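Below: the structure, in structure tokens.
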Amino acid sequence: MTYPNQMARGDPLGSRIINETPILAHRTLAAGLMAGLTSPARPWFRLALRDFSSAENTPVKLWLDEVTRRIQVVLSQSNAYNCLHVIYEELACFGTGCMLIEDDFEDVIRCHTLTVGEYFLASTYRDEIDTLYREYVLTTGQIVERFQVAPNRKKKRKER
């Protein structure tokens, strides 16, 4: 029986490849997308408002700049850029990519990439994705670690 998110470990990869040109082209495309779209070495986005008159207000500009800076710090201190590179590899090969972003107490966010076949998508009539479905396996320890509620720190008094 095969379980979700399980694969055959130890199988030799690429033993029958005759010409590596497509593999090199795939890697080059993914690296080019990473460097051109979301390079961690330079600012690649800036927050703005649709209403240009409000955006020209100095306190609003300062606030937008500060929030932009904070988002850049969060992205650089998390695993977001590693996951973005994987997404670009998926995009180059399959034409779609999927990344989950979760809250994380240590890094603010934690990103998880999914590969094609691990998930299903559904869209609206406007072709906007509104549903993501996946199955995955966790051990009992992983479930407890992930979903445990913080213990109540107040000790109950013993009644006499």
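The values are calculated or read from the model by the stated rules, or taken from the named source; none is laboratory data. Source: prediction; values computed, not measured. So basically every Cβ, Gly included, is an ideal-geometry build from the backbone, and we count neighbours across all protein chains shown.
Among the residues of the range 83-138, those that are of a type in the set (Asp, Glu) and surrounded by 15 or more Cβ atoms within 10 Å (Cβ to Cβ) comprise 89, 90. Only one of the numbered conditions (1) at pLDDT 95 or above; (2) closer than 24 Å to residue 86 by Cα is not met by residue 41, and that is (1). When the range 97-130 is filtered for residues that are in contact (Cβ under 8 Å) with a residue 24 or more places away in the chain, touching an Asp or Glu at 6+ places or on another chain (Cβ under 7 Å) and assigned to a loop (DSSP other than H, G, I, E, B), the ones remaining, listed by number, are 115, 116.
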